[in-house]
Amino acid sequence: MRDKLLMAYRSIRERRTRSILTVLGIAVGIAAIVSLMSVGYGMEEAITGELTGYADFIGVFPAKITGTTYVELGSFTDRDLKDVQRIGGIKEFSAMTFDSAEVEYRNKRVPIFFISGDTKELESMYVEPVGLKEGRWLRENDYKGCVIGDRVANDYFDEVVHVNDKLIINGEKFIVVGVFEKASTLYASDIDPYIFLTLRATKEALQTDEINYIMVRVYDIEEAEEIAEEIKEAINDNHGLDDFANAMTMGSMIEMMGDVFNIIRGVLVGIAAIALVVASIGIMNTMLMSVMERTHEIGVMKAIGAKSSDVLSLFLLESSMVSLVGGVVGCVLGAVAAKVISLGAGTALGIEFGAVVKPEVLLGGMVVAMVVGVLAGFYPARKASRMSPVEAVRHE
Amino acid sequence: MIRTENLTKVYQMGDAEVYALHDVNLEIQEGEFIAIIGPSGSGKSTLLNMIGCLDTPTSGAVFIDGIDTGKLSENGLAEIRREKIGFIFQQFNLVHTLNALENVALPMFFAGVKRETRLKRAEELLANVGLGDRIYHKPSEMSGGQQQRVAIARALSNDPEVVIGDEPTGNVDTETGNTIIDILEGLNKEGRTVVVVTHDAEIAARVGRTKRMRDGRVLD
């Protein structure tokens with residue numbers, strides 16, 4: 001075996017440039033798979049890891065969600081809110097409004113989304129993880145105060161908005177009491193473009209009391225699904241519809257995101273697989289050329305007593321060695337690329353996440369490289385082993 | 001030792017059938033040194049390839065040591081080539097990526113001989129053909145005569161009973177040719193059967209028996 005390895009190594013070295021290019025082909029294919037999967041896992045972990053901290057949450061919307069479309073069906077009524085609060089097992093309850101309004105600052109008007117709700121609930125959801133850069137958080141009786149996200153402060157207007165500046169929201173003057181830090185986590189990053197108001201402010205100043213989001217926290221996570229069902233039934237009964245309300249536990253959201261990530265990963269791996277197919281055609285080509293060039297040598301080996309299986313194993317060994325090296329180089333490149341990509345993407349999107357290079361992904365990469373090597377090497381190797389010695393020897 | 005029975009090889013050239021060998025009946029005794037001579041295209045090399053188990057006949061049979069080679073599997077033929085026959089080619093046919101020592105050890109490698117044993121034996125064989133100081137040279141670093149001597153050492157590596165040479169002096173100068181004939185003669189004196197195909201009158205004059213071929217037939 002040691003000698004066969006040595007012989008295979010020699011003939012690889014003999015065709016150094018071509019071998020290096022082939023190794024590179026495999027390496028790029030494997031690196032693509034490893035890096036894309038690792039970035040995918042990193043993203044998933046960043047998001048679901050964060051969401052797991054909110055595992056006792058149930059979100060209730062008056063909307064139909066199918067796939068990625070969200071169709072809002074109306075507003076929750078006071079009766080809905082009371083009925084939901086009556087359901088057992090609920091620790092905290094908070095009704096919120098999501099809407100958009102026209103906001104003016106120093107003569108520039110922009111439509112901006114706002115969130116209003118129970119200040120304590122919002123605080124635990126957003127202020128704790130993100131933090132305030134300036135000022136303070138809303139108080140329940142802040143009638144005309146608001147807290148703004150990072151992009152509202154820095155990007156939307158010609159000038160940067162600070163605490164104590166005045167914004168005109170739907171014609172009403174509001175004072176900025178606080179400015180959020182730039183959200184650096186994936187989940188909470190959607191607060192950057194928002195304005196936060198108290199419920200009283202939206203009701204009295206903006207004259208909307210549309211409640212289109214209810215947030216519930218349960219005592220026991222195990223009961224979350226059951227409670228979500230009860231909430232849905234109670235609200236649907238009030239509206240006489242089957243599918244007015246949609247109550248999602250954080251668990252099912254994580255699951256849904258898991259599905260989405262599986263699809264994303266599938267697509268990424270599919271793209272990488274194309275690279276790998278190209279690489280394996282490369283190996284096959286290299287090996288076929290090698291067989292053709294060495295027809296004479298194969299003939300000589302057979303003439304001096306090599307069995308077909310000897311020739312087959314020599315050539316298979318050669319292609320496996322090339323792909324093994326390609327696999328190792330690919331895994332290393334892939335792991336490094338994953339770190340670089342996640343760092344770059346994290347900086348560009350302003351979020352913190354690191355690629356997760358799983359050992360099973362590396363192992364899988366190696367296995368794929370070897371399988372590709374053996375499969376792509378098999379046809380040329382068999383061709384070599386089946387040559388008639390006399391014809392092969394005659395070949396110059 | 002070697003016997004052919006109505007050995008025939010036909011090549012299809014378009015519509016025409018070309019008889020490279022036509023009912024060849026030849027018997028070579030153990031320990032004999034025989035030269036097969038004849039013009040180009042007379043079928044000498046084809047006959048040699050049949051005897052060397054490199055090629056299969058269209059009809060007829062080749063017996064080596066009493067074994068009908070036509071009944072052997074591909075692996076069986078490989079075994080005969082490896083164990084019973086040493087082949088020397090006109091073009092030397094060394095593996096150019098391997099050095100002299102490794103080339104000589106190659107048949108033993110295919111025979112499954114242990115590394116230490118085969119390298120030691122290869123070294124001895126190379127010393128016997130006067131190349132003891134060239135064992136780590138690649139074929140490209142050696143003259144034609146040296147390469148042919150490596151090829152002879154390789155042919156002997158599994159201690160075959162039969163040595164077959166296809167114009168072994170055809171690609172070397174006269175002096176080297178004489179050395180190679182000396183070596184072959186020595187092998188014959190050790191008791192090996194030696195069969196050569198040659199254009200070389202020198203060889204023909206020195207061997208025990210010559211057989212003339214023409215148009216695929218052995219002449220009496």
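The values are calculated or read from the model by the stated rules, or taken from the named source; none is laboratory data. Quick caveat, the model's predicted, so the values are computed rather than measured. So basically every Cβ, Gly included, is an ideal-geometry build from the backbone, and we count neighbours across all protein chains shown. For accessibility, only protein heavy atoms count, side chains too; no ligands or nucleic acids. Shrake-Rupley method; radii C 1.70, N 1.55, O 1.52, S 1.80 Å.
Here's the yes/no breakdown for (1) open to solvent by 10 Å² or more (accessible area, probe 1.4 Å); (2) part of a helix (DSSP H, G or I):
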residue: B:Gly31; (1), (2): yes, no
residue: B:Ile34; (1), (2): no, no
residue: B:Pro39; (1), (2): yes, no
residue: B:Leu47; (1), (2): no, yes
residue: B:Met50; (1), (2): no, yes
residue: B:Asp55; (1), (2): yes, no
residue: B:Gly60; (1), (2): yes, no
residue: B:Phe63; (1), (2): yes, no
residue: B:Gly70; (1), (2): yes, yes
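Provide a single number: the residues in segment A:1-39 that are modelled with pLDDT of 90 or more and either within 12 Å of chain B (Cβ to nearest Cβ) or not in a helix (DSSP H, G or I) (or both).
Residues flagged as modelled with pLDDT of 90 or more and either within 12 Å of chain B (Cβ to nearest Cβ) or not in a helix (DSSP H, G or I) (or both) within segment A:1-39 amount to 0.
Would you pick out the residues in segment B:98-124 that are free of Cβ contacts under 8 Å to residues at least 24 places away in the same chain and at the interface with chain A (Cβ under 8 Å from one of its Cβ atoms)?
If the condition is that a residue be free of Cβ contacts under 8 Å to residues at least 24 places away in the same chain and at the interface with chain A (Cβ under 8 Å from one of its Cβ atoms), then B:Phe109, B:Arg115 are the ones that fit.
Could you run through segment B:72-90 and say how many residues are surrounded by fewer than 20 Cβ atoms within 10 Å (Cβ to Cβ), touching a residue at least 40 places away in the same chain (Cβ under 8 Å) and within 8 Å of chain A (Cβ to nearest Cβ)?
Matching residues across segment B:72-90 total 1.
Can you work out which of the residues in segment B:157-189 that are without any contact (Cβ under 8 Å) to a residue 60 or more places away in the chain and in contact with a Lys or Arg (Cβ under 8 Å, 6 or more places away or on another chain) is most open to solvent (accessible area, probe 1.4 Å)?
B:Thr179
How many residues does segment B:50-63 hold that are within 14 Å of chain A (Cβ to nearest Cβ) and touching a residue at least 24 places away in the same chain (Cβ under 8 Å)?
Adding up the residues that qualify gives 9.
Residues that are in contact (Cβ under 8 Å) with a residue 40 or more places away in the chain: find the strands (runs of 3 or more DSSP E) completely inside segment A:55-130 holding 2 or more of those.
Here the list reads A:57-61, A:63-66, A:90-105, A:108-117.
Determine which member of the set A:Met301, A:Met256 is of a type in the set (A, V, I, L, M, F, W, C), free of Cβ contacts under 8 Å to residues at least 40 places away in the same chain and within 14 Å of chain B (Cβ to nearest Cβ).
A:Met301
Considering only residues that are among the polar types (S, T, N, Q) and either open to solvent by less than 30 Å² (accessible area, probe 1.4 Å) or closer than 15 Å to B:Arg217 by Cβ (or both), which ones fall in segment B:1-29?
B:Thr4, B:Asn6, B:Thr8, B:Asn25
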